[in-house]
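Here's the structure we're looking at; comments come further down.
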Amino acid sequence: MDNHIPSSGDQPTRKFDAVRIGKNKADAEKTVSNRPDSGAGKPVSNRPKRGVDADHTGGANGKKSPKSAKSAKAVKEPKAKKPKKKRRKLTPEQKKIYRRRRIVRLVVILIVVAASWFVSTFVISCMNDIIAINRSTDKVSVSVNDGMTTDQVIDLLAEKDLIENPDFCKLFAQIRGYDNTKYITSVYELQASYGLEKLLISMSKNAASAETVTLSFPEGFCMEQIFAKLEENGVCSAASLRATAREMDFSGEYPFLKNIPNKEQRFYVLEGYMYPDTYEFYLGENAASVIKRFLSNFEKHWTEEYSNTGAGLGLSVDDVIKIASIIEKEAYGTKQMYQISSVLHNRLWSGNEEFKYLQCDSTSGYISYIPETVLSGDLRVSYTKLYDTYQCVGLPAAPICSPGDNAIKAALRPESTDYYYFRHDVNKKIYLAETKEGHDKNGEEVFRVKAKAKESESAG
């Protein structure tokens, strides 16, 4: 055979290579069989080829192995940055439009803010008419008639600056059920701090409480004294009573008030007609209602006989009440009333210049009952002259108190005497005189009685 026979030096090398190749092959098969996707148990011909191709393709199925995917992700190149957009250059016309838009937006914002402020301020003002926070406590006189509707009353309150938003108040009053409220004719002393509901209730028939008080008013009380007592006992404020008495005309309901003369010269037209008696009042009662109680009682006690008797003496109802009021303040007891009445009538009808002034001390003190806060200055001096019978001729401008029945009867039926003077000592004893000399002599006796009384007082 023509076969090549290897030399002895070649045999060992081949044997080592064969062993190494066999070992490497066995190791490779073992490694492949341990992989999850190695295809162990399958024919060798179906296994993926080793080498670079197998690693990159992921085997026969063309899928990347987890290691290969992770490796590929690790070496992924970063994204390229997008180039910045260049700002577009505006034309002059576009700039104008842009500026206009900014101005419009600013104006709209300002309008919205202003509108919000206006609405909130208006709402707060409307609500404050109801709750009256920080509103004035100054008294304001409000004259109301019983035929007025709630809307008319609210308009009146707005005119007096007691509320600020009458339209809102009308709506609120309607919602709260005040639209059918009945109001009482009177002059009310109100304040803005009351709030709408209290203002309306104060003028309505529901203002008074169910609680009552019984009060007695003695003969000789003037209106200021009557008002003070009513206020002290919670019936009505003196301010409301004053305002009602001075500003309201009651002559439509009481005929005896129709023919009262010189009303402008009287501080109180109703003075003398607030009949002294015992009355029951509601607490918080309306001022007009209170005054009407006195006037109605006077009307009940003034009889037709009184009118006829007065007319026979040439006296009006008002003249009789003036004389009776002076008698009431000057006399101590019923007997003295008739004596003093005779002195007054004698002086009034004498026709003698010497007796043109009645000169009764009670008349000069009438204005002193009226507080300085109510009447002061030159006006107070003027009224004093109109009432003081040392300064005015004949009877005073108006009665000076509320006389009772006895004083009225004495004024209508004076004793028949020739006395023109009278005076009292400290013990209330009356001294009557026909002449000025007799009157002065009585004055000396009055002085002695007074001095003796002082001595007794000092000794005691």
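Remarks
- Helices (runs of 4 or more DSSP H) fully within region 179-290 counting 1 or more residues that are modelled with pLDDT under 90, basic (Lys, Arg) and on the phi < 0 side of the Ramachandran plot: 196-202
- Number of positions in region 430-460 that are part of a loop (DSSP other than H, G, I, E, B) and farther than 20 Å from LEU358 by Cα: 1
- Residues of region 157-171 classified as under 15 Å from the mean Cα position of the chain (by Cα), surrounded by fewer than 21 Cβ atoms within 10 Å (Cβ to Cβ) and touching a residue at least 12 places away in the same chain (Cβ under 8 Å), total: 5
- Pairs with Cβ under 6 Å, 6+ apart, first in region 401-422 and at pLDDT 95 or above, second part of a loop (DSSP other than H, G, I, E, B) and of a type in the set (A, V, I, L, M): SER402/MET274
- Test: residue in region 369-391 that is in the same structural domain as LYS441 (by TED's automatic domain parsing), of a type in the set (A, V, I, L, M, F, W, C), surrounded by 20 or more Cβ atoms within 10 Å (Cβ to Cβ) and touching an Asp or Glu at 6+ places or on another chain (Cβ under 7 Å): no
- From VAL153, VAL119, VAL142, VAL123, residue being part of a helix (DSSP H, G or I) and either within 15 Å of the chain's Cα centre (by Cα) or modelled with pLDDT of 85 or more (or both): VAL153
The values are calculated or read from the model by the stated rules, or taken from the named source; none is laboratory data. Everything quoted here is computed from the prediction, not taken from an experiment. Please note: Cβ atoms are built from the backbone with ideal geometry, for glycine as well, and neighbour counts cover all protein chains shown.
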